Amino acid sequence: MMDLAIRDVRQDLGRFILTAAGLGMLMSVVLAMTGIYNGMVVDATVLPDVYGGDLWVVQKDTQGPFAESSRVPSLLVDRIRAVPGVERTRAYATLNVQNQMPDGETLRFTLAGLSWPDDLGNSLPLEQGRALRQPHYEMVVDHALGLPLGATLEMGRDTYTVVGITSGMVSSGGDPLVFVSVSDTLRIQNDLANEALRLEREARVSRVRRSPYGRDPANLARAGAQGTLPATAPPPVTAVLVDLAPGQNVETVKASLSQWSDISVYTIEEERDLLVRGVIDRARRQIGLFRILLVVISAIVMGLIVYTMTVDKMLSLSLLKLLGAKRRVILRLILEESLLLGLFAYLVALLIGEVAFDLFPRRVLVEDMDRVALLGVIAGISVASGLVGLRKALSANPNEVLAS
Amino acid sequence: MNERLGKIVLHVEGLSKVYGEGPTRLEALKPTTFDAVAGEVVAILGPSGSGKSTLLTIIGLINPPTTGSLMINGDDVIKNGQEVVNLTTVRRQQLGYVFQRSNLIPFLNGEENVRLALEIDGVPARESRDRARALLDSLGMGGRMKAMPSKLSGGEQQRVAIARAMIHQPSIVLADEPTAALDSSRGRQVMELFRDSAHANGAAVLVVTHDHRTLDLVDRVLEMEDGVLAEKGHTANTRQ
């Protein structure tokens, strides 16, 4: 039996291709949503994946540093290093920066501190250039920021030079990451204008004058001798990363550190979980629901298209019935056309994905399983749409041929 | 010579069709009895609304009758108003149709339209192609069989439609106003094709027509008025 569906498609190929392209564009949005969903999960865990560390120590009763703000004293780095089982500790500091360039362009990025000299950024996925070699004024940026090697950026009172370029390094909010040393991060974070510094200095003098030490210099001498003078602490860091010595049990060290009353301790897996289930949870669910909505809309649109295609050839279907065509001839015609439409739409969606997804500002991560799943969804929609068309097709009345 | 010629292929007895009930009751076809033999072309004349098309759709197994029986090649198809066999199969194997507008399937070319009538009955593609080409060739369509219907003239479309109606060698060919859309010359050509094909294939051809210009090409004329079918007699073409 000749293939009626192919012949019907061939007769008005332009219309078929345009229809399939339209559907394909709709399906490409479904695919893009899947990719954005996956990309969001991957982006969210970039920082813990890059920094590593067996344990993350943050401010007491917070879920920092990604879920909420956290501030711990930088001296904690040394305190924790003394704990049995700990091999290495690193300070971690981060802040969001929005920088106005001389040409008026706004650069938005997340600054992440590398714990110089323990961590120079050698584990970063460098595309060009190198890791940090100096403790100050060098930075490694993600290519999404658009700065070339050797470019400079004013941050705080200093100028930083791009020495390395990474790929795919973004924060959970999608901003490109810029790596500098922790000390530079803190310097940028705590930078104050001259007037603010002058006012702060005067305020300190005023506070000291009102204190027991200011009122009576003898108190100051006595406090100095007893070691009770208030310390001027270095600025706090966001978190402390802990690497354990080989063979050490993570839970044991975590339990030991958790007894300290000024900190909370998480394993790296718990940090990832906090990110995925906490920080990006709403966005993740929103995209998931939007994706479901798109699939439903696609199904309705495709159902209507197949129905319209069926209505357009009701006279031919009536004629087929008049000539004594079996039901399976009509079933094959409608279902095959619907599946062909779905297949073309799928190929268009894949093509759009290949061409356009790299141009998206955020990561769109489409994996093979997603492509297979989309094919399955489209096949399901095609069959359902075909059944809608088939119902109409089977109502074709041979009498229509005589009435035409 | 076809061995079926002269045999009764269609026997209609007491066929009637009533639409509606009570005050809206309309007897479109009063009890009708007649036969048609293989190889003859029978014209059914009558004014619009006289019941010609109703009779044709009942014989074409498209419309069920209210009462009566219908036999094709001596086999019961409808008995006392009830179908006794699978009508789709009978339509596929025993009947051929030609209409006022050729009603070719627009996405199939001429050859494919003809092949379709064979292939829906399970004839292999190669055989159906060979038979379709041979028949179209014999109807003078050898050079146009690959053209799509939209590229064919009215007369060419009707020739393809006749080929499709004849290709599976049906016992009965039903034609509803097949020359209405054609000019006089092409109308005669089409009726000549019916006559020749009916004779070559041993089919009875029933032609509903208003076209008196071509009656000299039919074997017998029946006239329908107000649902009543009456024999108007044989023409000079009647084959003995």
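The values are calculated or read from the model by the stated rules, or taken from the named source; none is laboratory data. Every value quoted in this text rests on a predicted model; they were computed, and no experiment measured them. Counting neighbours? That spans all protein chains shown, and the Cβs are built from the backbone with ideal geometry, glycine included. Accessible surface is based on the protein model in full, side chains and every heavy atom, while ligands, DNA and RNA are left aside. Shrake-Rupley method; radii C 1.70, N 1.55, O 1.52, S 1.80 Å.
Screening the range A:304-315 for residues that are touching an Asp or Glu at 6+ places or on another chain (Cβ under 8 Å) and assigned to a helix (DSSP H, G or I) and picking the one that is most open to solvent (accessible area, probe 1.4 Å) gives A:315. In the range A:7-32, of all residues being touching a residue at least 60 places away in the same chain (Cβ under 8 Å) and within 14 Å of another protein chain (Cβ to nearest Cβ), the one that is nearest to residue A:351 (Cα to Cα) corresponds to A:16. In the range A:190-217, the residues that are in contact (Cβ under 8 Å) with a residue 24 or more places away in the chain reach residues that are open to solvent by 90 Å² or more (accessible area, probe 1.4 Å) with C-beta atoms within less than 9 angstrom, at least six apart or across chains, in these pairs: A:191/A:157.
With respect to the conditions (1) open to solvent by less than 20 Å² (accessible area, probe 1.4 Å); (2) free of Cβ contacts under 8 Å to residues at least 60 places away in the same chain; (3) in a loop (DSSP other than H, G, I, E, B), residue A:165 lacks only one, and its number is (3). Taken as a whole, the condition of being free of Cβ contacts under 8 Å to residues at least 12 places away in the same chain and under 18 Å from the mean Cα position of the chain (by Cα) does not apply to residue A:105.
Per the conditions (1) modelled with pLDDT of 90 or more; (2) in a helix (DSSP H, G or I); (3) under 20 Å from the mean Cα position of the chain (by Cα); (4) within 13 Å of another protein chain (Cβ to nearest Cβ), the sole criterion not satisfied by residue B:136 is (4). Taking the criterion of being closer than 23 Å to residue B:161 by Cα, free of Cβ contacts under 8 Å to residues at least 12 places away in the same chain and not in a helix (DSSP H, G or I), the only residue of the range B:178-235 that qualifies is B:183. The listed residues are A:352, A:334, and the only one of them that is touching a Ser or Thr at 6+ places or on another chain (Cβ under 8 Å) and within 14 Å of another protein chain (Cβ to nearest Cβ) turns out to be A:334. Output yes when any residue across the range A:174-188 is among the basic types (Lys, Arg), in a helix (DSSP H, G or I) and modelled with pLDDT of 80 or more, and no when none is. Among the residues of the range A:174-188, at least one is among the basic types (Lys, Arg), in a helix (DSSP H, G or I) and modelled with pLDDT of 80 or more, which makes the answer yes.
Among the helices (runs of 4 or more DSSP H) confined to the range A:319-404, the ones with at least 3 residues that are touching a residue at least 40 places away in the same chain (Cβ under 8 Å) and open to solvent by less than 60 Å² (accessible area, probe 1.4 Å) are located at A:327-356, A:368-394.
Those residues that are within 19 Å of residue B:115 (Cβ to Cβ) and more than 9 Å from chain B (Cβ to nearest Cβ), I need them from the range A:305-317; list them, please. Matches in the range A:305-317: A:317 only. Counting only strands (runs of 3 or more DSSP E) wholly contained in the range B:1-120, the ones carrying 3 or more residues that are crowded, with 23+ Cβ neighbours inside 10 Å and facing chain A (nearest Cβ under 10 Å) occupy B:95-98.
Residue check: is residue B:126 open to solvent by 10 Å² or more (accessible area, probe 1.4 Å), out of contact with any Cys (no Cβ under 9 Å at 6 or more places or on another chain), at pLDDT below 95 and within 13 Å of another protein chain (Cβ to nearest Cβ)? Yes. For the residues A:18, A:23, A:31, A:47, the requirement of being of a type in the set (A, V, I, L, M, F, W, C), open to solvent by 70 Å² or more (accessible area, probe 1.4 Å) and in a helix (DSSP H, G or I) singles out A:18. For residue A:301, the stated conditions hold: it is of a type in the set (A, V, I, L, M, F, W, C), surrounded by fewer than 20 Cβ atoms within 10 Å (Cβ to Cβ), touching a helix residue (DSSP H, G or I) at 6+ places or on another chain (Cβ under 7 Å) and in contact (Cβ under 8 Å) with a residue 24 or more places away in the chain. In the set (1) crowded, with 19+ Cβ neighbours inside 10 Å; (2) farther than 28 Å from residue A:373 by Cα, residue A:243 fails one condition alone, (1).
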